[in-house]
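The values are calculated or read from the model by the stated rules, or taken from the named source; none is laboratory data. Small disclaimer: the values here were computed from a predicted structure and weren't measured. No Cβ is skipped: glycine too gets one built from the backbone with ideal geometry, and neighbour counts run over all protein chains shown.
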Amino acid sequence: MLKGKKRAAENLLRTLLDVEKLRYCQDCGTCTASCSMARAIPGRYNPRNLLLKVVLDYERVLREDEVWLCAWCYRCYERCPQGLEPTEIFLLTRNFAAEKGMLPDSYQALIKQILASGRVMACTADIDELRESYGLPKIGPKISERALDDIKRMTEETFVRRLKE
């Protein structure tokens, strides 16, 4: 069943990467002009160039972190005059990278932190002290064991196994 889903995802990616549409795509730039991430980090992220890289050197894109910079705002998707779906293409590419264990170190660390404490960042004694100074209750280093168990149960077994390897 998993192989069937993967094959379906690969077919979807091929469909999304319509060569005729991509030919016109490289003359446009609406996606990049619409992209908040391209404005925020112009030297590192350019959706139009990333689309071309996905077509020309897909394996390289899987190894690099550029595809992980998409903020999923869907502006490019909504404004693309060619009807390409860059956000969906980047999401599928991320999924394939994750399946191959090619998550950036920062993502792996974040996921490990969530699985260990239930939070995206550690809550240190300094944070609890700061919270108390504002009249807020302490939150401690971890969420309840029951909530943590629920988080672990919600994550796919294969995903957790990949992180341990």
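Of the residues A122, A71, A97, A109, the single one that is of a type in the set (A, V, I, L, M) and at pLDDT below 85 is A122. Just one of (1) touching a residue at least 60 places away in the same chain (Cβ under 8 Å); (2) in a helix (DSSP H, G or I); (3) farther than 17 Å from L13 by Cα fails for E129. It is (1). Residues that are part of a loop (DSSP other than H, G, I, E, B) and at pLDDT 80 or above were ranked within the range 143-165; the one that is surrounded by the fewest Cβ atoms within 10 Å (Cβ to Cβ) is S144.
Restricting to the range 35-81, count the residues that are part of a helix (DSSP H, G or I), without any contact (Cβ under 8 Å) to a residue 12 or more places away in the chain and farther than 19 Å from D18 by Cα. The number of residues fulfilling the criteria is 4. Residue pairs whose Cβ atoms lie under 7 Å apart, sitting 6 or more positions apart in sequence or on different chains, and linking a residue in the range 8-34 that is outside any loop (DSSP other than H, G, I, E, B) to a partner that is among the β-branched types (V, I, T) and at pLDDT 80 or above, are L13/I89; L16/I89; L22/V55.
Residue-level check: of (1) crowded, with 17+ Cβ neighbours inside 10 Å; (2) closer than 20 Å to L17 by Cα; (3) polar (S, T, N, Q); (4) free of Cβ contacts under 8 Å to residues at least 60 places away in the same chain, S117 misses just (2).
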